[in-house]
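Participant: Dropping the structure in here first, questions after.
The values are calculated or read from the model by the stated rules, or taken from the named source; none is laboratory data. Just so we're clear, the structure is a prediction, and the values are computed from it rather than from any experiment. Cβ sites come from the backbone with ideal geometry, for glycine too, and all protein chains shown count toward neighbours.
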């Protein structure tokens, strides 16, 4: 019974919505990401032990409209013309499949997909590294820390899902969505 509350699969998705109303912009972002017809429950940032990352298409096939779905969700919005907004979800997966990993959310302004994504990925890796007892030198750049952790061998994979968008030129709301959708086995 308790196992049904520990997700066994996860997929990433992202989207953008634009509308004169902020809430409608958010809804359109969820639609673009493919997760609007579900009752989304935001959860904190644990990547479950033995969880498998699957593709978006495969994951969406496993869902039914109205279903309660757990997500780690990053969203950001602006109604400022031409303002760059980004949302990103990062993940750090440990080499030991029985160990949990971390997911992170990042929301920013003025950052490209690469910058926002690297930040989210780094944040998830830092949380996992400190849990595993790996030294985290904050003075090093992300690429340098990533190389050290790869050599250490306890963090097997890091990645991110990032969506950025430029604010609508006429001042309509622009919303970015990035999500990790957690599914039962």
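Participant: So, of the residues in region 58-79 that are closer than 26 Å to residue 18 by Cβ and within 14 Å of the chain's Cα centre (by Cα), which turns out to be surrounded by the most Cβ atoms within 10 Å (Cβ to Cβ)?
Facilitator: Across region 58-79, the extreme among qualifying residues is 74.
Participant: For the condition more than 30 Å from residue 31 (Cα to Cα) and touching a strand residue (DSSP E or B) at 6+ places or on another chain (Cβ under 9 Å), what is the one hit in 115, 155, 148? Explain how you work it out, then say what you get.
Facilitator: Values: 115 fails: more than 30 Å from residue 31 (Cα to Cα); 148 fails: touching a strand residue (DSSP E or B) at 6+ places or on another chain (Cβ under 9 Å).
It is 155.
Participant: Same structure, new question: State which residue is surrounded by the most Cβ atoms within 10 Å (Cβ to Cβ) when the search covers only region 41-57 and only residues that are under 14 Å from residue 185 (Cβ atoms) and in contact with a strand residue (DSSP E or B) (Cβ under 9 Å, 6 or more places away or on another chain).
Facilitator: Looking only at region 41-57, we keep the residues that are under 14 Å from residue 185 (Cβ atoms), and these are 48-54.
Right, trim to in contact with a strand residue (DSSP E or B) (Cβ under 9 Å, 6 or more places away or on another chain) and you get 48-49, 51-54.
On the way: 48: 17, 49: 14, 51: 22, 52: 13, 53: 15, 54: 17.
Result: 51.
Participant: Hey, any hits in region 91-102 for a residue that's in a strand (DSSP E or B), modelled with pLDDT of 95 or more, in contact with a strand residue (DSSP E or B) (Cβ under 7 Å, 6 or more places away or on another chain) and within 20 Å of residue 169 (Cβ to Cβ)?
Facilitator: Looking for residues that are in a strand (DSSP E or B), modelled with pLDDT of 95 or more, in contact with a strand residue (DSSP E or B) (Cβ under 7 Å, 6 or more places away or on another chain) and within 20 Å of residue 169 (Cβ to Cβ), one finds none in region 91-102, hence no.
Participant: Same structure, new question: Do we have any residue at all in region 61-80 that's without any contact (Cβ under 8 Å) to a residue 40 or more places away in the chain, under 18 Å from residue 7 (Cβ atoms) and part of a helix (DSSP H, G or I)? So that I can check it myself, show each step before the final result.
Facilitator: Residues of region 61-80 without any contact (Cβ under 8 Å) to a residue 40 or more places away in the chain: 61, 64-68.
Filter again for under 18 Å from residue 7 (Cβ atoms), leaving 61, 64, 67-68.
Restricting the remaining residues to those that are part of a helix (DSSP H, G or I) gives 61.
So far as region 61-80 goes, yes, one or more of its residues are without any contact (Cβ under 8 Å) to a residue 40 or more places away in the chain, under 18 Å from residue 7 (Cβ atoms) and part of a helix (DSSP H, G or I).
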